[in-house]
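Input: a single structure, listed below in structure tokens.
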Amino acid sequence: MSAIRESSTAVAPVAEPATCLLCGSARRVPHFRGDASPQPVSPVSERYRITHSERRLVHRIVRCLDCGLVTLPIDETPPVSYEEAADPYYLQQAPERIANAHRLLSLLPSAGRLLEIGCACGFLLVAARERGFAVQGVEMSAWASAYARDTYGLAVHTGTLEAARLPADSVDAVVLADVIEHLFDPRATLAEIHRVLTPGGRLLLLTPDIGSAVARAAGARWWGLLDDHYVYFSRATLGRLLAEEGFAVERSGSLGRAFPLGHWVFKLAPYSRILHDLAARAVRAAGAEQWQISLNFGDQMACVAQKR
Ligand SMILES: [Zn+2]
């Protein structure tokens, strides 16, 4: 474990012009201390990949002293061109991702009309369709949205949720999986979701939980800290934002995921190249790359909230 620890509230607030997007406070402090050196960020020209294997871990996140919301300072957030994102490696994970989607969707009580925001190549929508939902998606990546339409025949709008101009009260369920942490204005997105949901409709949300025991123990080494993750919720901060935007949280818990062993080894790369190379060699030698391994670190927060 590194010497980096959560900072105490005695640390002087970071001079940042923007205020907390949850409570409006300007009183924010570094979330970690001990390593003040700026982390190198990914080259801006690098094409964004959904599996973000080449992204960097970040340390310089800040915490609001008044509400506890954690964000990456905007001026240290590299611009990400989601429109140009393409990731052939992601396609290899289709079977596991569809199976994981079934696990997530089991949290929704019934079928109906389902919208996924940031649906990528459509794997979750395929699972939702198999479960009886009438599905549609929005996705910024031209490559991923075309894949979803061409491969699975899904109704996917290329662009943002706002640009899709969906009618009010037109969907029964909205899924926001691994998306909200990328948004600079999650409040605006939740307001738009609230508008398109039918009264009593449900939002299913999946995001890293910075308040989880694993995130707290791992500190600045937590794998949820990526330079394309702008906002880091805990159950408390997410619950507050949802309540303020007209949602009542019905249930929340942690969700595990299953991936081939080769993928878990792949995720080691940002931590230790040596460890990654050793593990990759051992897994290859054992022919174990495709072994399905299900892990739940308790730091992926799944939440179902109902439109009030
Ligand atoms: Zn705040």
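Computed from the coordinates by the stated procedures, all read-outs in this text should not be read as laboratory data. Given the structure is predicted, the values throughout are model-derived calculations rather than measurements. Glycine also receives a Cβ, built like all others from the backbone with ideal geometry; neighbour counts cover every protein chain displayed.
Worth a mention:
- Summarising the amide proton neighbourhood of GLY201: residues at separation of 5 or more, or on other chains, whose placed amide H is nearer than 5 Å comprise LYS307.
- With all pairs of different C-alpha atoms in the average, the Kirkwood value for the hydrodynamic radius of the range 106-212 is 13.9 Å.
- Interatomic Cα distance distribution for the range 180-220, bins of 10 angstrom, percent: 24, 37, 27, 12, 0
- Diffusion coefficient (Stokes-Einstein, Kirkwood radius over C-alpha pairs, 25 °C, 0.890 mPa s) for the range 131-181: 204 µm²/s, rounded to a whole number.
- Net charge, ARG187 excluded, C-beta distance under 9 Å - Lys, Arg +1, Asp, Glu -1: -3
- Taking amide H as placed 1.01 Å from N in the peptide plane, VAL175 has its amide H under 5 Å from the amide H of LEU115, GLU116, ILE117, LEU204, each at least 5 places away in sequence or on another chain.
- 3J(HN,Hα) from dihedral phi, the range 127-141, Karplus parametrisation 6.51/-1.76/1.60, rounded to Hz, x for glycine, proline: 5, 5, 5, 4, 8, x, 6, 8, 10, 8, x, 10, 7, 6, 6
- For the range 228-279, the convex hull spanned by the alpha carbon atoms encloses 120 Å³ per residue.
- Scanning residues 5 or more positions from LEU154 or on other chains, those with amide H under 5 Å from its amide H are ARG149, with H placed 1.01 Å from N in the peptide plane.
- Against the rule of thumb 2.2 N^0.38 Å, how large the Cα Rg of the range 101-155 comes out: 1.05
- Integer Hz, Karplus 6.51/-1.76/1.60 couplings in order for the range 146-154, x for Gly and Pro: 5, 4, 4, 5, 6, 7, 10, x, 8
- For the range 211-294, applying the loop criterion from DSSP together with a ceiling of 14 other beta carbons within 10 Å to the chymotrypsin sites (Phe, Trp or Tyr not before Pro) yields TYR271, TRP291.
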